[in-house]
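This report refers to the structure that appears directly beneath it.
Throughout, read-outs are computed from the coordinates displayed, never taken from laboratory work. As the structure is a computational prediction, the values presented were derived from the model and not from experiment. So basically every Cβ, Gly included, is an ideal-geometry build from the backbone, and we count neighbours across all protein chains shown.
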Amino acid sequence: MSTEKNDTSFPQAEQQADARGERSDTVSALERGISVLRCFSEDRPVLGHADLARMTGIPRATVNRLVATLLSLGMLKPAQAADRFMLGPGVVSLSRVFLGSLDVRAAARPSMQAMAEEVGASVYLAVRDGMEMVLIEACRPRSSMLSARLDVGSRAPLANSALGRAYLSALPEAQRNQLIDSMRLLRGPEWDSIAPGMNRAIGESKRLGYCLSLGEFHREINSVSVPLIGPDGEVMALNGGGAAFVFTEERLRNELAPRLHDIALSIARDIGGHVPTPTPTPTPSPG
């Protein structure tokens, strides 16, 4: 009975707060419902009424009603254990709408253009289409005439472009091997001359977080790429480079690769994605 008294005092407390000019633009019942949803996490995927009341500080009777409402809306669903709940499909639907509305190009463009201007390189963002990478964003330094003249919609081969190699390095092993087998059949006799450089670059990307193409796509162009994975698991690649005599291997490794990696991390934070973590090869112990 006392719980119900406390429970019915919430609207009155809200009205008093409004009269004092506090939180006048919020709805406390909605805040409580959201606070219940926020109790669930990867570490706590299943919770009960008592857990939710303890974690939120909301009276048990109110938690019961909040849970019943969230269940009816599909935001929660019953777990297998009695009096236990987990996030429901309604939450997934909302998250899909959010993720679908993200424009990775808009998130990437400012930092890509800033890099292009500061280091004089062409900077690209690409996704895979078939056996090629297709550019979805392209930024070039306005003052340079030496940059590669690729643009949005331009394509680069998977096997011998830095973009393609970075993409391949971020795929699950089974998927990558399947794609490489398809490329091998497609390329025919020339595959033997392409595969060693590709395999070396993929290994380098997995160890260092970036890989190179030194005149292997365009003869006079050197470039470096890093992989980026979107919130839905789609693999993308960021690339920077230009004329080989300007962008030497040393400069790509020491200057452009760290900058691209920082940009990839920034984009990943903005869109809810991630950047693969390099796994350096252990140094053999002496003797």
Segment 28-89, dipole about Cα centre (Lys/Arg Cβ +1, Asp/Glu Cβ -1), debye to the nearest 20: 140
Segment 28-89 - percent relative contact order, Cα under 8 Å, separation 6 or more: 33
Environment charge at Leu70 (Cβ cut-off 13 Å; Lys +1, Arg +1, Asp -1, Glu -1): +4
Spin-label model distance (nm) - His274 vs Ser41, 7 Å beyond Cα toward Cβ: 1.6
Net charge dipole size for segment 102-271 [Lys, Arg +1 and Asp, Glu -1 on Cβ; Debye, nearest 20]: 120
Relative contact order for segment 130-287, counting Cα pairs under 8 Å that sit 6 or more residues apart, in percent: 22
